[in-house]
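Everything on this sheet refers to the single structure shown next.
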Amino acid sequence: MTEVTFRLWRGDKSGGEFKDYQTDVTEGMVVLDAIHQVQAESAGDLAVRWNCKAGKCGSCSAEINGNPRLMCMTRCSDIPLDEPVTVQPMKAFPVIRDLVSDVSWNYEVKQRIKPFKPRKPDNADGTWTVHQEDIDRVQEFRKCIECFLCQDVCHVLREHSKHDEFIGPRYFVYTAALEMHPLDTEDRLPEVKEAYGVGYCNITKCCTVVCPEHITITDNAIIPIKERVVDRFYDPLKRLFRKLFAKS
Amino acid sequence: MTSVSAAPRSGFGKTQRRDKWWLKPVMVFFGLSMFVVYSTWAAFQGDHYTHGPYLSPFYSPELFGDSPHAWFGPQPGWWPSWMPFSPALLILWAPGGFRFTCYYYRGAYYKSFWADPPACAVSEGRKKYLGENSLPLILQNVHRYFLYIAIAFLFVLSYDAYLGFWFTAADGTEEFGIAIGTLVLIVNVIFLSGYTLGCHSFRHLVGGILNVFSKNPLRKKCFDCVTCLNVKHQLFAWLSLFWVGFTDVYVRLCSHGVWTDLRIL
């Protein structure tokens, strides 16, 4: 058992500060356990969002020692405990209180994305036939738990607050899942280029680094989408080819 | 839509991170800087770029030049007299452009040279941000055209490696052989192939553009192969960068007589 100082951000949208709390850390504890212990022992009014404690609900996203992480999936034994452990809410979103940030912007973004529009059913009973190799790529994207750590670490949102012009890595994963779906017939590329702002991504791969589901966000979702945008809007030979062979 | 006001922007390098977040960008900065400085110096030398059957990759393809590897003869008459001539200056823009617009290198040098951001979750203290949405960085979308040239270069460099097996014997005839330089040239082609064929644009070209793979099994196979290389794109980017520079050093030092090219066979 070790006594550890947790430096927790306390405050609301009007402002706040870090406050130190001591608690005992025992073997096997994760940061969320320690936060709950602090809540029970010395800060009963500490606000923290959590649910599954298993890394599957994406509720307990925060910044632990400056790194966007899930509190329930960060073992205390994996962080240095000889100095105060800082825990603060996600920086890319407005604070509600203490460690809880307002992520509602993300749900509004999701509603802006053109929904799934399947082709006509393949079979008389109204079903489709899909081969596994056609759906493999998309299945990776379905692992997303919407913890929004990728949104938080993305400097376009975090540093430059381009929330009105850029949908962020989470929603490029979502868009890629729709765009690459073998049944989908919707065209989202004009929006990807303009309203979704894919050009703002400068491929720092920070989103991939923080993803607790290990989705290869940049290489498998964002860059393939960028390449499709290049096909449509920037590649002069492809444009010429399309013009020459366009069906009248 | 709800207006979002995240935490206020803080100064350059501000972060709560405790790890050595600065180490990787600093290493990338020095690694790339050293390569740019050396390759620029080597490109302007214009001599000692061949040794025996070997041709430095910085000078290949040698379009015009004085060595037997030159495709179209010596320095062309139209070359401006005020400008120093080197065969490397005619071709290095192509592999240089391929690497400069490469998705991996872009992410790496935006962090290391532009500090945009300096590292993940580290403040950059910059107000204006355009990304790759407008000029000049929108021009990075030309990457696929550099890819096409880089693939052509792979064939040329493979032929150079093949020539590295053929040495001039004492009686003036050509004989098959293997020397350290032969292996250096072969490893160069292997690393460059690993890097070029793992390119994100190539992955898109061979199959990434498709949504239905089951109707294109050959393209699915190609896509899977390129994906295997793409996963190691960063590794091959650095291996090939180091080795192409080392290959030039090897040929140059052998040509100067500083190193001896040992024959194995």
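Does A:Ala195 satisfy the criteria of being of a type in the set (A, V, I, L, M, F, W, C), out of contact with any strand residue (DSSP E or B) (no Cβ under 7 Å at 6 or more places or on another chain) and farther than 30 Å from B:Phe113 by Cβ? Criteria met by A:Ala195. Here A:Val153 fulfils each of the conditions (1) closer than 26 Å to A:Ala62 by Cβ; (2) more than 12 Å from chain B (Cβ to nearest Cβ); (3) not polar (S, T, N, Q) apart from (2). Each residue in the range A:72-111 was checked for being over 23 Å from B:Arg18 (Cα atoms) and part of a helix (DSSP H, G or I), and 8 of them qualify.
Filter the range B:59-102 down to the residues that are outside any loop (DSSP other than H, G, I, E, B) and of a type in the set (Gly, Ala, Ser), then identify the one that is nearest to A:Asn202 (Cα to Cα). Among residues in the range B:59-102 that are outside any loop (DSSP other than H, G, I, E, B) and of a type in the set (Gly, Ala, Ser), the one nearest to A:Asn202 (Cα to Cα) is B:Gly97. Looking only at residues in the range B:104-122 that are in a loop (DSSP other than H, G, I, E, B) and in contact (Cβ under 8 Å) with a residue 12 or more places away in the chain, the one that is nearest to the other protein chains (Cβ to nearest Cβ) is B:Cys120. For the residues B:Phe202, B:Phe223, the requirement of being in contact (Cβ under 8 Å) with a residue 24 or more places away in the chain and either among the aromatic types (Phe, Trp, Tyr) or in contact with a Phe, Trp or Tyr (Cβ under 6 Å, 6 or more places away or on another chain) (or both) singles out B:Phe202. Restricting attention to the range A:61-90, the residues that are of a type in the set (Ser, Thr, Tyr), at the interface with chain B (Cβ under 9 Å from one of its Cβ atoms) and touching a helix residue (DSSP H, G or I) at 6+ places or on another chain (Cβ under 6 Å) add up to 0. Restricting attention to the range B:123-139 and to residues that are within 7 Å of chain A (Cβ to nearest Cβ) and under 19 Å from A:Ile225 (Cβ atoms), the residue that is surrounded by the most Cβ atoms within 10 Å (Cβ to Cβ) turns out to be B:Gly131.
For first residues located in the range B:68-88 and free of Cβ contacts under 8 Å to residues at least 60 places away in the same chain, partners that are of a type in the set (A, V, I, L, M) and part of a loop (DSSP other than H, G, I, E, B) and lie 6+ apart or on another chain with Cβ distances below 8 Å form the pairs B:Ala70/B:Leu63; B:Trp71/B:Leu63; B:Phe72/B:Leu63; B:Pro87/B:Leu63; B:Pro87/B:Ala70. Restricting attention to the range A:150-193, and to residues there that are farther than 28 Å from A:Thr127 by Cα and small (Gly, Ala, Ser), which single residue is surrounded by the fewest Cβ atoms within 10 Å (Cβ to Cβ)? Among them, the one singled out is A:Ser161. Between B:Val251, B:Val187, B:Val244, B:Val258, the distinction of being within 26 Å of B:Ser33 (Cα to Cα) and not in a helix (DSSP H, G or I) belongs to B:Val258 only.
Within 25 Å of A:Gly16 (Cβ to Cβ), more than 8 Å from every other protein chain (Cβ to nearest Cβ) and crowded, with 18+ Cβ neighbours inside 10 Å: is that true of A:Phe93 in this structure? No.
All conditions but one from (1) of a type in the set (Lys, Arg); (2) at pLDDT below 95; (3) closer than 18 Å to B:His143 by Cα apply to A:Arg228; the one that does not is (2). Output the residues belonging to the range B:126-166 that are in a helix (DSSP H, G or I), under 30 Å from A:Gly197 (Cα atoms) and not hydroxyl-bearing (Ser, Thr, Tyr). Of everything in the range B:126-166, those that are in a helix (DSSP H, G or I), under 30 Å from A:Gly197 (Cα atoms) and not hydroxyl-bearing (Ser, Thr, Tyr) turn out to be B:Leu137, B:Ile138, B:Leu139, B:Gln140, B:Asn141, B:Val142, B:His143, B:Arg144, B:Phe146, B:Leu147, B:Ile149, B:Ala150.
Whether any residue in the range A:229-239 is at the interface with another protein chain (Cβ under 8 Å from one of its Cβ atoms), touching a Pro at 6+ places or on another chain (Cβ under 6 Å) and either surrounded by fewer than 22 Cβ atoms within 10 Å (Cβ to Cβ) or touching a residue at least 40 places away in the same chain (Cβ under 8 Å) (or both) is what I want to check. No.
Of the residues B:Ala152, B:Ala88, B:Ala94, the single one that is more than 8 Å from chain A (Cβ to nearest Cβ), in contact with a Phe, Trp or Tyr (Cβ under 7 Å, 6 or more places away or on another chain), modelled with pLDDT of 95 or more and surrounded by fewer than 22 Cβ atoms within 10 Å (Cβ to Cβ) is B:Ala94. From the list A:Asp33, A:Asp20, A:Asp24, the one residue that fits, being in contact (Cβ under 8 Å) with a residue 60 or more places away in the chain and among the charged types (D, E, K, R), is A:Asp20. Selection over the range A:133-147 of residues that are under 26 Å from A:Pro190 (Cβ atoms) and more than 12 Å from every other protein chain (Cβ to nearest Cβ) gives a count of 4. Listed by position, the helices (runs of 4 or more DSSP H) enclosed by the range A:157-248 that each have at least 2 residues that are closer than 29 Å to A:Thr74 by Cα and not aromatic (Phe, Trp, Tyr) are A:169-179, A:206-210. Tell me, please, whether a residue that is at the interface with another protein chain (Cβ under 10 Å from one of its Cβ atoms), within 12 Å of the chain's Cα centre (by Cα) and touching a residue at least 40 places away in the same chain (Cβ under 8 Å) can be found in the range A:183-203. No, the range A:183-203 has no match at all. I'm told A:Cys206 meets every condition in (1) at the interface with another protein chain (Cβ under 7 Å from one of its Cβ atoms); (2) without any contact (Cβ under 8 Å) to a residue 12 or more places away in the chain; (3) not hydroxyl-bearing (Ser, Thr, Tyr) except one. Can you identify the failing condition by its number? It fails just one condition, (2).
The values are calculated or read from the model by the stated rules, or taken from the named source; none is laboratory data. Note that this is a predicted model, so its numbers are computed, not measured. In this analysis, Cβ positions are derived from the backbone assuming ideal geometry, glycine residues included, and neighbour counts consider all displayed protein chains.
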